[in-house]
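Have a look at the structure below, then the notes.
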Amino acid sequence: MSRDVEAVEPDQLEGAPHPRDQFAFFGHQEGEAAFLEGLRSGRLHHAWLIGGPQGIGKATLAYRVARTVLDPKKTNDSSIGSLDISPDAPSARQLSALSHPNFAILRRAPATDKKAASTTIPVDAVRKALNMFGSTAADGGYRVCIVDSAEDLTISSANALLKVIEEPPPRSLFLIVSHAPQRVLPTIRSRCRRLLLRPLADSDIKAVIGSLGEPWADSPEHLVDQALAYGEGSVQRTLELLDEDKVAFIGQITRLLDGLPRADTKQVFALAEALAKRDADDSYELALETVERWVSGRLHQQASLGAARLAPLVEVCEKISRSAREIDVFNLDRRPFILTLFDDLADAVRRTT
């Protein structure tokens, strides 16, 4: 399986290395230790469900494990103490090029000159990739399949994957990345060892940013700190927010929300007008994410009030999600939605204070 270096990766942040090309690793020591324990004992579980929020390093860990398992020197070392592999190691070079004979990747297809990136992992792609498990590995070692991510599997493709996981060939390893592991097919979940990765500490994210080189490593410290405040422990999210305009916009909306139940009507109307413009899709999505994060934070801060008291906030959050989906599906005017959103939130805040 060769890689077109010009292809646009559907799961890659522009300007940052793809997880398979990322050799620096920060945080998630417990996750790495779990794989090392399996390798040292010779009882590495055949299927892992690596869960956690998007952008925290799940795929990076999966590729890190794959490089190690595909290296005969590492897998035959009963005292292995690290998953570090040199970028010049044969397994590392082949995996980076997606050309290793014992490796398969299940992901959405990258965009080409003639086709946009796919939105799902079709069943035909799963069956084709899993043909590798029908024969013995070329060097008698492991065969590895990474699924990135489980959310992109269709029902048919998930069932095709399940058939191989149910009766795995010897020395096979499935690394299934999932941003919402609770939604993964229960029959797949039950056959996997579950590994939940937590959001990264600010210090780890700063270390990642420093390892990326220009332009990320040159970001002003104050901007990095602002992005970290909104990044929720995600490297991807933090990198996306290393933009003065974006953090200023988030700050503007957060101040409006913090002022509830009193609202600056003039500012809310201006925001609704701005988000209704045709070229405001990115700002609109950022605004919804900011509202969701604000509500989640408020629920966490006021958890001691009890579920019944906080029910109005939960209900309005669900209403916002439903309305946002309808806006997208039917291409409706965003103005009434934004105005109603702030009215509903103001009412919910009054009822919970």
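The values are calculated or read from the model by the stated rules, or taken from the named source; none is laboratory data. Please read these numbers as outputs of a predicted model, since none were measured by experiment. Methodologically, a virtual Cβ is constructed for each residue, glycine included, from the backbone with ideal geometry; neighbour enumeration extends over all protein chains shown.
Answer yes if at least one residue in the range 24-36 is over 19 Å from S149 (Cβ atoms), of a type outside the set (G, A, S) and more than 23 Å from the chain's Cα centre (by Cα), and no otherwise. For the range 24-36, residues over 19 Å from S149 (Cβ atoms), of a type outside the set (G, A, S) and more than 23 Å from the chain's Cα centre (by Cα): present.
Would you confirm whether or not the range 219-235 contains a residue that is surrounded by 16 or more Cβ atoms within 10 Å (Cβ to Cβ), within 30 Å of L130 (Cα to Cα) and under 17 Å from the mean Cα position of the chain (by Cα)?
Step one: of the range 219-235, the residues surrounded by 16 or more Cβ atoms within 10 Å (Cβ to Cβ) are 219, 224, 226-228, 230-235.
So of that shortlist, the ones also within 30 Å of L130 (Cα to Cα) come out as none.
No, that holds for no residue.
For the range 266-295, the candidate set comprises residues that are out of contact with any Ser or Thr (no Cβ under 9 Å at 6 or more places or on another chain), part of a helix (DSSP H, G or I) and acidic (D, E); within that set, the residue that is nearest to P336 (Cα to Cα) is E273. If the condition is being more than 29 Å from the chain's Cα centre (by Cα), assigned to a helix (DSSP H, G or I) and either of a type in the set (S, T, N, Q) or farther than 25 Å from E273 by Cα (or both), then the range 308-353 contributes A308, R309, P312, T340, R350, R351.
Condition test on L212, is it modelled with pLDDT under 95 and either buried (at least 20 other Cβ atoms within 10 Å of the Cβ) or closer than 21 Å to F23 by Cα (or both)? Can you show your working first?
Details: modelled with pLDDT under 95: yes; either buried (at least 20 other Cβ atoms within 10 Å of the Cβ) or closer than 21 Å to F23 by Cα (or both): yes.
It is true that L212 is modelled with pLDDT under 95 and either buried (at least 20 other Cβ atoms within 10 Å of the Cβ) or closer than 21 Å to F23 by Cα (or both).
Among the residues of this structure, P72 does not count as one that is within 23 Å of the chain's Cα centre (by Cα) and in contact (Cβ under 8 Å) with a residue 60 or more places away in the chain. Sub-8 Å Cβ pairs linking a first residue in the range 336-353 that is at pLDDT 95 or above to a second residue that is among the aromatic types (F, W, Y) and surrounded by fewer than 20 Cβ atoms within 10 Å (Cβ to Cβ), at least 6 apart or interchain, are L339/F269, ordered by first then second residue. For G233, the conditions (1) part of a helix (DSSP H, G or I); (2) in contact with a Pro (Cβ under 8 Å, 6 or more places away or on another chain) are fulfilled apart from (1). Name the single residue that is farthest from E292 (Cα to Cα) among those in the range 236-265 being basic (K, R) and part of a helix (DSSP H, G or I). If we take residues in the range 236-265 being basic (K, R) and part of a helix (DSSP H, G or I), then K246 is farthest from E292 (Cα to Cα).
Of A89, A33, all but one fail to be out of contact with any strand residue (DSSP E or B) (no Cβ under 6 Å at 6 or more places or on another chain) and free of Cβ contacts under 8 Å to residues at least 12 places away in the same chain; the exception is A33.
Test D281 against the criterion of being out of contact with any Phe, Trp or Tyr (no Cβ under 8 Å at 6 or more places or on another chain), under 30 Å from A59 (Cα atoms) and of a type outside the set (A, V, I, L, M, F, W, C), and give yes or no.
For D281, the condition - out of contact with any Phe, Trp or Tyr (no Cβ under 8 Å at 6 or more places or on another chain), under 30 Å from A59 (Cα atoms) and of a type outside the set (A, V, I, L, M, F, W, C) - is met.
Of all residues in the range 260-283, those being surrounded by 15 or more Cβ atoms within 10 Å (Cβ to Cβ) and modelled with pLDDT under 95 number 1.
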